[in-house]
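To start, the structure itself, in structure tokens.
The values are calculated or read from the model by the stated rules, or taken from the named source; none is laboratory data. Just so it is clear, the model here is predicted, and its values are computed rather than measured. Don't worry about glycine lacking a Cβ; one is built from the backbone with ideal geometry, like all the others, and counts go over all protein chains shown. The area values use the complete protein model at the heavy-atom level, side chains included, leaving out ligands, DNA and RNA. Shrake-Rupley method; radii C 1.70, N 1.55, O 1.52, S 1.80 Å.
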Amino acid sequence: MTLIIDTRTEPERALTGACDTLGMGLPVAIPTETVYGLAADATNPDAITRIYEMKGRPRFNPLICHVCDLDMARRHVVFDPISLALAEAFWPGPLTLILPMKPESGVHPLASAGLDTLGIRMPDGFSRRVIERYGKPLAAPSANTSGRISPTTAAHVADDLGGKVALILDDGPAGIGLESTIIKVEGDEIRLLRPGGLDVADIERVTGKTVQRPQTAGAAIEAPGMLASHYAPGAAVRLNASDVTAGEAVIRFGGKVLPGEEKAVLVLDLSRSGDLREAAANLFAYMKQADASGATTIAFGPIPSNGLGEAIIDRIERAAAPREGTQG
Ligand code: TXA
Ligand code: MG
């Protein structure tokens, strides 16, 4: 049985229900500003094991720990000055920092997959209130079966994990719609491990430094969840389509019509006005809609690579990659 509580109409019941469920060692699906997360007490090994089981996720893939404030973060990780400046500038928000874990942090090694670093972030929105009330960090991957598209609504979570997860908190559609940007600071260098909901240009503006993108395929192993195939819909995915074949579903951008669209089973526009934020917020829901249309292939029109376009294209490329080694 899965219970769904609407946080907008019953915030107190949602908080109490979430904390009681978490306290029993059971995962709860919580809304964050990026995507819905499948959260469990990060200090409880049984609870974390249940996350891996529910998602069918490989255990070498570490989870992000979510905190409600900087004090809670400091109890678990050591900040270097650049990471601290980033946390102060962008938390709560779609930024995950990879930082050395403190030996006295009670976060269980199952959450960190045995690494001596911890991925940590302060989410915005109702999930932060849950952490505040619960008083301990919550380990939370996206609330989807491993390898599938991340959920941006409570209904997406229910479709995927309904019957498995005891409680889903519904706070409406996620505002950002893409997972957090993952950053690791090493000495003087700021390295991008995953493009996401925070624009890399904003990080460069605040730090005055150039962010290093991964140069080789091997670098992806550093965020172990970043294996190629991810966000996989059932349909095949084609990028940068310049025309449309009969029976395809089209997802385009900026009102740019693709030749042959009249043959498509469905045409969606991520943002008619060409707004990359709007496009990010729509991406996963549109991929699910296109997948459900019965189309054998989803054809994406061209999308600009600046700003959030980088993370949008990253997710589409992963959706188009061969289906093996699925993660996340
Ligand atoms: O927006 C988000 O980040 C969402 C919401 C729920 O917060 N969470 C999310 O979690 O996307 P997940 O598990 O789908 O992706 C976490 C990524 C994985 O690629 C994982 O390998 C990486 O973070 N990661 C976690 N801890 C790490 C660490 N210590 N070092 C390197 N990568 C790490
Ligand atoms: Mg994921």
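Right, residue 81: within 13 Å of residue 118 (Cα to Cα) and more than 15 Å from ligand 1 (Cβ to nearest atom) or not?
The answer is no for residue 81.
Starting from the range 125-138, take each residue that is free of Cβ contacts under 8 Å to residues at least 60 places away in the same chain and list its partners that are surrounded by fewer than 24 Cβ atoms within 10 Å (Cβ to Cβ), counting only C-beta distances under 8 angstrom and pairs at least six apart or across chains.
none
In contact (Cβ under 8 Å) with a residue 24 or more places away in the chain and buried (at least 17 other Cβ atoms within 10 Å of the Cβ): does that describe residue 85?
no
Would you please list the contacts, defined by Cβ atoms under 8 Å and residues six or more apart or on different chains, that run from a residue in the range 193-207 that is free of Cβ contacts under 8 Å to residues at least 60 places away in the same chain to a residue that is open to solvent by 20 Å² or more (accessible area, probe 1.4 Å)?
Every condition considered, the pairs that remain are 204/210.
What single numbered condition from (1) under 18 Å from the mean Cα position of the chain (by Cα); (2) farther than 25 Å from residue 148 by Cβ; (3) open to solvent by less than 10 Å² (accessible area, probe 1.4 Å) fails to hold for residue 91?
(3)
Kindly indicate whether any position in the range 8-29 is within 16 Å of ligand 2 (Cβ to nearest atom), in contact with a strand residue (DSSP E or B) (Cβ under 6 Å, 6 or more places away or on another chain), open to solvent by less than 60 Å² (accessible area, probe 1.4 Å) and in contact (Cβ under 8 Å) with a residue 60 or more places away in the chain.
Yes, some residue in the range 8-29 is within 16 Å of ligand 2 (Cβ to nearest atom), in contact with a strand residue (DSSP E or B) (Cβ under 6 Å, 6 or more places away or on another chain), open to solvent by less than 60 Å² (accessible area, probe 1.4 Å) and in contact (Cβ under 8 Å) with a residue 60 or more places away in the chain.
Can you tell me which condition residue 198 does not meet? The list is (1) farther than 22 Å from residue 277 by Cα; (2) open to solvent by 10 Å² or more (accessible area, probe 1.4 Å), and all the others hold.
(1)
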